[in-house]
Amino acid sequence: MRKGVSHLASAHPMGEQLPAIFAEGKAQDLTKALDEVLAPVLTTLDCLDSYLDPALTPTDMLPWLAGWVAIGFGEQMTEDQRRALVADAVSLHQGRGTLDALTRLVKTLTGIDAQVTDSGGVGWSTRPRGYLPGTDEAVVTIHLPDETVVDREWLQDVLELGVPAHVSVRITILNPPG
């Protein structure tokens with residue numbers, strides 16, 4: 001949770017900005033009090049670009065930043081995965097439902113290059129009332145090293161958010177022979 005920093009000095013003290021006639025006395029006391037109140041605001045504004053950069057924002061600000069780009073986090077995700085997901089969110093939204101976006105989503109969430117198979121569900125029939133080609137299933141095949149653990153149910157839920165509504169996801173996890 002964000003907290004104030006006690007005794008934070010202002011980077012731009014107001015007392016130094018006053019004309020010489022106010023260099024001493026009550027005006028300085030008043031500006032010191034204002035500096036104390038405004039120092040956190042000015043410091044935040046000075047660092048605003050850092051709050052908006054997924055690589056630099058404080059950890060507790062990541063959910064806030066994720067809300068700006070319309071994504072959520074799973075409890076299993078590491079901080080690095082969260083930062084990568086926020087950084088790539090706009091691109092993932094643009095390609096939502098495509099093979100490339102699904103592959104990148106799995107890579108971001110698991111760190112593993114997945115093989116995503118096209119369902120072939122985008123197409124047309126040359127006959128009226130004919131059957132559409134392909135299936136209503138996207139197949140995600142993940143080749144995992146033996147020591148890697150992936151929460152299959154969580155990954156399934158996340159991937160189902162990344163495909164068109166009429167497409168279901170089937171995850172196949174293969175461990176290479178050791």
Members of the stretch 31-54 found to be more than 16 Å from GLN17 (Cβ to Cβ) and open to solvent by less than 70 Å² (accessible area, probe 1.4 Å), listed by number: PRO40, THR43, THR44, CYS47, SER50, TYR51, ASP53, PRO54
Those residues of the stretch 98-113 which are open to solvent by 30 Å² or more (accessible area, probe 1.4 Å) and under 16 Å from ALA165 (Cβ atoms), in sequence order: THR98
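The values are calculated or read from the model by the stated rules, or taken from the named source; none is laboratory data. Note that this is a predicted model, so its numbers are computed, not measured. Neighbour counts are summed over all protein chains in view; Cβ atoms, including those assigned to glycine, are modelled from backbone coordinates with ideal geometry. All accessible areas refer to the heavy atoms of the entire protein, side chains included, with ligands and DNA or RNA removed. Shrake-Rupley method; radii C 1.70, N 1.55, O 1.52, S 1.80 Å.
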